[in-house]
Amino acid sequence: QVQLVESGGGLVQAGGSLRLSCAASGRSFSSSAMGWFRQAPGKEREFVAAIRWSGGSTYYADSVKGRFSISRDNAANTVYLQMNSLKPEDTAVYYCAAVPRSSRVYRDSYEYWGQGTQVTVSS
C-alpha cells in the first residue's frame, strides 16, 4: 500500500508564493511519475503539473506555466510544487498523485492520491 502525504498549503496574498510537498511511503514504493492536481469549489479536478521519476521530464497546465515548478527528490520519494505569483484563481485543494495508469501523466488516472492540502489566495 502506498501513502501520500501533502503539506505546505495555506493562506497567501495574491502575488505570493507557497511550496507544496508530497511524501510517498509504502513498501517498495515505485512510480514512473507523480502529479499534482487541484479542485476548486464547484469545479472538476484539473491537472496542474507532473514529473517523470526517471529523467525528470516535467509537464504543466497552461494556466500555471511560468509560475509553478515541479521537482522531485528521488532518495526521499518526495515531489514538490513551487508556486509563485499566485492568483486568486489558484485557490483550490491540491492533491498529489502517484502510479499513473496512463502514459499521459496529465490524465486524472493515477492509482494513489493524497488527502489534499488547501491553498487559498486572497486578492
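Results, tabulated for the structure shown:
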{"quantity": "Long-range neighbours under 6 Å by Cβ, at least six apart or interchain, first residue farther than 13 Å from N84 by Cβ within the range 1-23, second among the basic types (K, R) and open to solvent by 20 Å² or more (accessible area, probe 1.4 Å)", "calculated": "G8/R19"}
{"quantity": "Residue within the range 94-105 that is open to solvent by 10 Å² or more (accessible area, probe 1.4 Å) and modelled with pLDDT of 95 or more present", "calculated": "yes"}
{"quantity": "Residues of the range 92-116 satisfying the condition of being out of contact with any Asp or Glu (no Cβ under 9 Å at 6 or more places or on another chain) and among the aromatic types (F, W, Y)", "calculated": "Y106, Y110, Y112, W113"}
{"quantity": "Cβ pairs under 9 Å, 6+ apart, first in the range 52-63 and closer than 15 Å to P100 by Cβ, second open to solvent by 60 Å² or more (accessible area, probe 1.4 Å) and aromatic (F, W, Y)", "calculated": "R52/Y59; Y59/Y106"}
{"quantity": "Any hit, the range 59-79, residues being at positive phi, more than 12 Å from the chain's Cα centre (by Cα) and open to solvent by 60 Å² or more (accessible area, probe 1.4 Å)", "calculated": "yes"}
{"quantity": "Unique residue being part of a loop (DSSP other than H, G, I, E, B), modelled with pLDDT of 95 or more and among the polar types (S, T, N, Q) when the list is Q82, Q115", "calculated": "Q115"}
{"quantity": "Checking S54 against (1) open to solvent by 60 Å² or more (accessible area, probe 1.4 Å); (2) assigned to a loop (DSSP other than H, G, I, E, B); (3) more than 14 Å from G114 (Cα to Cα); (4) out of contact with any Ser or Thr (no Cβ under 8 Å at 6 or more places or on another chain), the condition it does not meet", "calculated": "(4)"}
{"quantity": "Per-region count, the range 81-104, residues more than 13 Å from L4 (Cβ to Cβ), under 11 Å from the mean Cα position of the chain (by Cα) and not aliphatic (A, V, I, L, M)", "calculated": "1"}
{"quantity": "Within the range 25-41, considering residues that are at pLDDT below 95 and not in a strand (DSSP E or B), the one surrounded by the most Cβ atoms within 10 Å (Cβ to Cβ)", "calculated": "S31"}
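The values are calculated or read from the model by the stated rules, or taken from the named source; none is laboratory data. All figures in this text were calculated on a predicted structure; none of them were measured in a lab. Note: ideal-geometry Cβ built from the backbone for every residue, glycine included; neighbour counts use all protein chains shown. Side chains are part of the model used for accessible areas, which takes the heavy atoms of the whole protein and leaves out ligands, DNA and RNA. Shrake-Rupley method; radii C 1.70, N 1.55, O 1.52, S 1.80 Å.
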